[in-house]
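The structure under discussion appears below in the form of structure tokens.
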Amino acid sequence: MAYPENKLEDPSTISLLFKKQDLDELVETFPAGEEMERLRLHYVEADEEEQAETAASEDIADSTIVELDEIIPPPEMARGETIDAVGLYLKEMARVPLLNYSEEVSLAENIEKAEKAKVKLAKLNGSTPEKEKTRLGFIIENGKDSREHLIKANTRLVVSIAKKYLGRGVPFLDLIQEGNLGLMKAVNKYDHRRGFRFSTYATWWIRQTITRSIADQGRTIRVPVHMIDRIRLLYKTARNMEQILGRPPKVEELAEKLDTDPRKVQWMLQVSWLPLSLESPVGDDEDSELGMFVEDEKTPTPSQATYHNLLGDKVEEVLASLSPREARILRLRFGLENGRSYTLEEVGEKFGLTRERIRQIEGKALRRLRHPMRSRQLRQYL
């Protein structure tokens, strides 16, 4: 379906998207903070149309709802439910009008008065008149309502910021939830006396909680937040240098630009790599997996395994022609028993002999193995 270039110029476009509940188009169309009021007006119109349509078809629905429930199975947890959840959330946000600066200041003052009232109420003793307690309780409740109103009126700002972080490994609804936590922190710390709008202050807190959430949850292997910031700076520097140089910068050039060690830059590049599942489908038919094309360099090939098995059998056969003590000393010295090579002193302790005596026995055994009758059997494996 084709939409106008500026989708907010056409109210029917916004209405249609809310009814379609297409998450991709809805997020793409969803405006920035400065366009929120226009979106609210469009959505109120869409909501009124939907209520009118619902009222007109109410009688028909009452007569057929039982039959439809029997025919249509309940929907499964899938993309449709996610889209529906986002649509309901945006619908709820649109019911709360945006605030002007004077309203923000008034709500912030109520919140501040409520905090002071909590402190006073905690210090009151039993002789305090009940009227004073009631007055403080009213101020506290008014502060709670003001805090809730300030949060709800700015949840659209959270969505506007969260949509910029899609595709980072965290679902859209989770990004909104994390952004709401940042919004709550901003409400608690906002100082209206500084003269700036609440949205200006809240944007920083919302971005911080969202980026921290991505750092904690967006990767299979977690990377510390401070390292995420360094990696982001590294890639930003690399992009700028590539535009200037006309080619990707080398590790040494990046290290010089960032005034750090090249080994550290190389390490940050390796840390930034995302893991890839060996079960990822390959090709258009998706009948093959990536793991089928990755060579296992640690496991020997069938020919190598056969070669080592035959060599091991032949070595044991040759060692069997020596005395048991000579054969065991050679096995210990060359790691043929458990893969570990023992020193002369360690072997001497096992046999109760000096290291010099072990050296003599080892030399004698090796000379016997060099005899043509025995060495001929092993020469074909060299």
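Summary of computed values
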| quantity | calculated |
| --- | --- |
| Residues that are touching a residue at least 12 places away in the same chain (Cβ under 8 Å) and farther than 17 Å from S146 by Cβ, drawn from region 189-203 | T203 |
| Options V159, V187; residue that is among the hydrophobic types (A, V, I, L, M, F, W, C) and either within 22 Å of G87 (Cα to Cα) or within 18 Å of the chain's Cα centre (by Cα) (or both) | V159 |
| Every residue from region 312-368 that is exposed (fewer than 12 other Cβ atoms within 10 Å of the Cβ) and among the aliphatic types (A, V, I, L, M) | A320 |
| Every residue from region 153-173 that is touching a residue at least 12 places away in the same chain (Cβ under 8 Å), in a helix (DSSP H, G or I) and surrounded by fewer than 16 Cβ atoms within 10 Å (Cβ to Cβ) | L173 |
| Number of positions in region 251-270 that are surrounded by 14 or more Cβ atoms within 10 Å (Cβ to Cβ) and either free of Cβ contacts under 8 Å to residues at least 12 places away in the same chain or under 17 Å from R168 (Cα atoms) (or both) | 4 |
| Lone qualifier among T209, T220 - being among the polar types (S, T, N, Q) and farther than 30 Å from E104 by Cβ | T220 |
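Quick note: the coordinates plus some simple rules give every number you see, no bench work behind them. Quick caveat, the model's predicted, so the values are computed rather than measured. Because the Cβ atoms are built from the backbone with ideal geometry, glycine has one as well, and the counts that use them run over all protein chains shown.
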